[in-house]
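Trainee: Before I ask anything, let me first share the structure, which is written out below as structure tokens.
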Amino acid sequence: GNSVTQMEGPVTLSEEAFLTINCTYTATGYPSLFWYVQYPGEGLQLLLKATKADDKGSNKGFEATYRKETTSFHLEKGSVQVSDSAVYFCALSDRDAGNNRKLIWGLGTSLAVNP
Amino acid sequence: ETGVTQSPTHLIKTRGQQVTLRCSSQSGHNTVSWYQQALGQGPQFIFQYYREEENGRGNFPPRFSGLQFPNYSSELNVNALELDDSALYLCASSVSGSTDTQYFGPGTRLTVL
């Protein structure tokens, strides 16, 4: 079945460092891909998405490009801030046997940014 | 425009009890999905509701059940609670037929003792 694999954390960076969180997926067909962020004590927030190959999603300085050839959707940010400390989840949309959509999630990558 | 809200925020139950969690979807959204997120894990899909009917289900036993109401709000019911049911329960709303973007509530933290 479809699946998502994220790099393991925790990731610890200094403020203004470059961030990459790797995400690869296995899927039949052409799913949409998402990055969600979960700040401490809060629910999940959609960070960015891409719906087809070569699409680039971007938001709040974060970017990710849908790479069909490498089945990847790596999250990047050029200069992280302390406020970016959170858990980041990569996810793909999937259709079940009844053609209903659901999200398949990676395990999450914890990011800590130090001042 | 109000976002997705969930109640209660926290809940403590004992093994064997029953629990009901509630979710109000974002304005204009007619589809509600429920997820279970164990500590340190990604969310696991429980089920989805559309037009007051279950519209897809993950690998959860029948003691996990739900409802959707005409105003698109939803309930998740869990019977015969087990210790492993302790988790954050997330509700997400979306618009059927959209590009499948789901918007999440803050979650309900359930602890089973």
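The values are calculated or read from the model by the stated rules, or taken from the named source; none is laboratory data. As the structure is a prediction and not an experimental result, all values here were calculated from the model. With ideal geometry, Cβ positions are generated from the backbone for all residues, glycine too; neighbour counts draw on all protein chains shown. Accessible surface areas use protein heavy atoms only, side chains included; no ligands, DNA or RNA. Shrake-Rupley method; radii C 1.70, N 1.55, O 1.52, S 1.80 Å.
Trainee: Residues in segment A:36-46: is at least one closer than 26 Å to B:Asn59 by Cα, at pLDDT 90 or above, within 12 Å of the chain's Cα centre (by Cα) and more than 8 Å from chain B (Cβ to nearest Cβ)?
Mentor: Yes, because at least one residue in segment A:36-46 is closer than 26 Å to B:Asn59 by Cα, at pLDDT 90 or above, within 12 Å of the chain's Cα centre (by Cα) and more than 8 Å from chain B (Cβ to nearest Cβ).
Trainee: Looking at segment B:39-86, what strands (runs of 3 or more DSSP E) fall wholly within it and have at least 1 residues that are facing chain A (nearest Cβ under 10 Å) and within 20 Å of A:Trp105 (Cβ to Cβ)?
Mentor: B:44-50, B:53-57
Trainee: Answer yes or no: is there a residue in segment A:53-67 that is within 12 Å of another protein chain (Cβ to nearest Cβ) and of a type in the set (Val, Ile, Thr). Don't jump to the end; show me each part of the working.
Mentor: So the first thing to find is which residues in segment A:53-67 are within 12 Å of another protein chain (Cβ to nearest Cβ), and the list is A:55, A:57.
From the residues that got through so far, the ones that are of a type in the set (Val, Ile, Thr) too are none.
Checked against the condition, which is being within 12 Å of another protein chain (Cβ to nearest Cβ) and of a type in the set (Val, Ile, Thr), segment A:53-67 yields no hits at all.
Trainee: Of the residues B:Thr9, B:Thr31, only one is farther than 19 Å from B:Ala87 by Cβ, of a type in the set (Val, Ile, Thr) and either within 13 Å of chain A (Cβ to nearest Cβ) or in contact (Cβ under 8 Å) with a residue 12 or more places away in the chain (or both); which?
Mentor: Only one candidate passes the filter, namely B:Thr31.
Trainee: Which members of segment B:17-28 meet the condition of being within 13 Å of chain A (Cβ to nearest Cβ) and more than 12 Å from B:Leu67 (Cβ to Cβ)?
Mentor: Result: B:Gln26, single match.
Trainee: Return the residues of segment B:55-72 that are of a type in the set (Gly, Ala, Ser) and modelled with pLDDT of 95 or more; say none if nothing qualifies.
Mentor: So in segment B:55-72, the residues of a type in the set (Gly, Ala, Ser) come out as B:56, B:58, B:65-66.
Once the filter is applied, which keeps residues that are of a type in the set (Gly, Ala, Ser) and modelled with pLDDT of 95 or more, segment B:55-72 yields B:Ser65, B:Gly66.
Trainee: Sticking with this one: Under 8 Å by Cβ, and 6 or more places apart or on different chains, what pairs join a residue from segment A:57-73 that is among the charged types (D, E, K, R) with one that is open to solvent by less than 50 Å² (accessible area, probe 1.4 Å)?
Mentor: As it stands, the answer is A:Lys60/A:Leu47; A:Glu63/A:Leu48; A:Glu63/A:Gly57; A:Glu63/A:Leu75; A:Glu63/A:Lys77; A:Arg67/A:Ala53; A:Arg67/A:Phe73; A:Lys68/A:Ala53, since those pairs meet every condition given.
Trainee: Considering segment A:16-44 alone, what residues qualify as being part of a strand (DSSP E or B) and open to solvent by 10 Å² or more (accessible area, probe 1.4 Å)?
Mentor: A:Thr20, A:Thr24, A:Tyr25, A:Thr26, A:Gln38
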